[in-house]
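The values are calculated or read from the model by the stated rules, or taken from the named source; none is laboratory data. A quick note: this is a predicted structure, and the numbers were derived from the prediction, not measured. Positions of Cβ are backbone-derived with ideal geometry, glycine not excepted, and every protein chain shown enters the neighbour counts.
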Amino acid sequence: MSRAVAAQVDFNRGGSLITAKSEKKKESKDDPNEKLIAHNRRARHEYDVLDTLECGIVLVGSEVKSLRAGNFALEDGFAKLRDGELYLLGCDIQEYSYANQMNHVTKRARKLLLHRRELRSFAGRAKEKQLTLVPLKMYFKEGRAKVLLGLCRRRKLHDKREVMKEKTMKREMERAVRKK
């Protein structure tokens, strides 16, 4: 369907006419409904990410408030399969200072919400190939907390060095091109 036809169809539904400019905004990578909470930069350095999956997370009220305040550490986290369900372990959501008696335990196992078929395929591949499930980032999407899990293989020291060399070479090439 071409852009003109798509704009005409949307206009016929009673909405406003969509221009090509606003359509490009929808295609962009930054979603206005997403608010980033934490990004696990160390995971991209330590692991090769083979596949990713977005999943929900079960939280209590003071945890959500603490996340909105930015009191969260994702670096030591990993996901593990227990009793047919996936749990996020090792992530530290600090206590919310204004929730005095009703506060949460900072390092507890938090259940991840997935469809059963996603759970079987994703966790099955991790167990079968001895891969690790690592949280890559956590964000709010349309008001709900989401975790982007990565199916990862740990890098060896020489692999890390190679990746760093490639990045520096690429950066130097881009600088040289920009100077000319």
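Quick rundown of the values:
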{"read-out": "E118 modelled with pLDDT of 85 or more and of a type in the set (D, E)", "value": "yes"}
{"read-out": "Residue list for region 94-150, restricted to those being of a type in the set (A, V, I, L, M) and part of a loop (DSSP other than H, G, I, E, B)", "value": "A99, M102, V105, A109, L114, L131"}
{"read-out": "Condition check for E54: of a type outside the set (A, V, I, L, M) and at pLDDT 85 or above", "value": "yes"}
{"read-out": "Among the residues listed as D76, D30, the single one being within 18 Å of the chain's Cα centre (by Cα), assigned to a loop (DSSP other than H, G, I, E, B) and modelled with pLDDT under 75", "value": "D30"}
{"read-out": "Failed condition for L50, given (1) closer than 29 Å to E162 by Cα; (2) assigned to a loop (DSSP other than H, G, I, E, B)", "value": "(2)"}
{"read-out": "Close pairs (6 angstrom Cβ cut-off, 6 or more residues apart or separate chains): in the same structural domain as L86 (by TED's automatic domain parsing) and surrounded by 10 or more Cβ atoms within 10 Å (Cβ to Cβ) in region 149-178, small (G, A, S) and part of a helix (DSSP H, G or I) anywhere", "value": "L151/A126"}
{"read-out": "Checklist (1) touching a residue at least 60 places away in the same chain (Cβ under 8 Å); (2) closer than 30 Å to S62 by Cα; (3) of a type outside the set (G, A, S) applied to L133, failing item", "value": "(1)"}
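Residue-wise test of (1) touching a Cys at 6+ places or on another chain (Cβ under 8 Å); (2) surrounded by 14 or more Cβ atoms within 10 Å (Cβ to Cβ).
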{"residue": "G77", "(1), (2)": "yes, yes"}
{"residue": "L81", "(1), (2)": "no, yes"}
{"residue": "L88", "(1), (2)": "no, yes"}
{"residue": "C91", "(1), (2)": "no, yes"}
{"residue": "E95", "(1), (2)": "no, yes"}
{"residue": "Y98", "(1), (2)": "no, no"}
{"residue": "N103", "(1), (2)": "no, yes"}
{"residue": "R117", "(1), (2)": "no, no"}
